[in-house]
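Please treat every number below as a calculation from the coordinates, not as lab data. Being a predicted model, the structure only gives us computed values, none of them experimental. Every residue, glycine among them, receives a Cβ derived from its backbone with ideal geometry; neighbour counts consider all protein chains shown.
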Amino acid sequence: MSQAALKMGLSARFFSFSARAMLDASRGTNERTVTAHFVQRMFTVSMVLPGGLTEVFNRDFTLDRLNEMIDRGAIGPDNIPVYGANVVYGRILDFTVTSSESYDRIRAALSASYGSIASGSVDVELLQVLQRSSIHVVTVGGEGKNAIALIQSGNLRDYFSEDAALTSARPISYTVRNLGDNSLAKVSETTSYNVKECTALPMTGAIDVNMSPNDALVTLKGAAGTNEGPDLGDQLYRDLPKGGYTVTVFRDAGEGTLTPPGRWRRAR
């Protein structure tokens, strides 16, 4: 899918969630959610500095105005002047699917829905996964008619079937540089954010924690402050504490540093 995305000037990523997530969609513990995130950069508006700083300002910017800005704290050693070096315009699509299918199955269905643009073939069985799923669409920029076509069909190819007009593009990232030496001050990607993956835990019964590789520590902490562990390797916890609990899996990297483990799953 990434290769097909690059051919169209797009970046595509999958994000997985299994708890109440960014679109505030309620779902049961047996449901999974995957978001396909697309970014298309359509054009860039840039500013090229002239030969000298005196050419940046007009005659209205006097020494008195400069001193006034310094007195107000608008300019100073800790607040040096910067300028917008460039702004990237484009469109963003977040296509979120919630289903009882497995993560791999949902991802395959999304790939089939998008990949059919390039291949001309459609995997009907995989597309039926999307038809049985709950779908949420979020767009920034782009043509409204393309978003409507996507919502009506549930197929990603309908959103990308036509090129979006340049007038429909919206700012999606920018670069700020220091005015004095043109060094980089800040790069902002409106399409970049942290993704946290959570797994719903049962409230009764037992929990079997299996890890690969089997060399991490496991702790179980109850809502009332009861604790078990840390214990090394796979664990089967019975008589789970009432009121909820938290299972933590980690490795001791030495010198008091804890690191995330390999994969772990709830067997029952």
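Tabulated data for the structure shown
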read-out: Spin-label pair residue 168/residue 140, simplified geometry with 7 Å Cα→Cβ offset, distance in nm; value: 1.7
read-out: Potential extension, residue 71-residue 228 segment - 0.36 nm per residue separation minus Cα distance; value: 50.6 nm
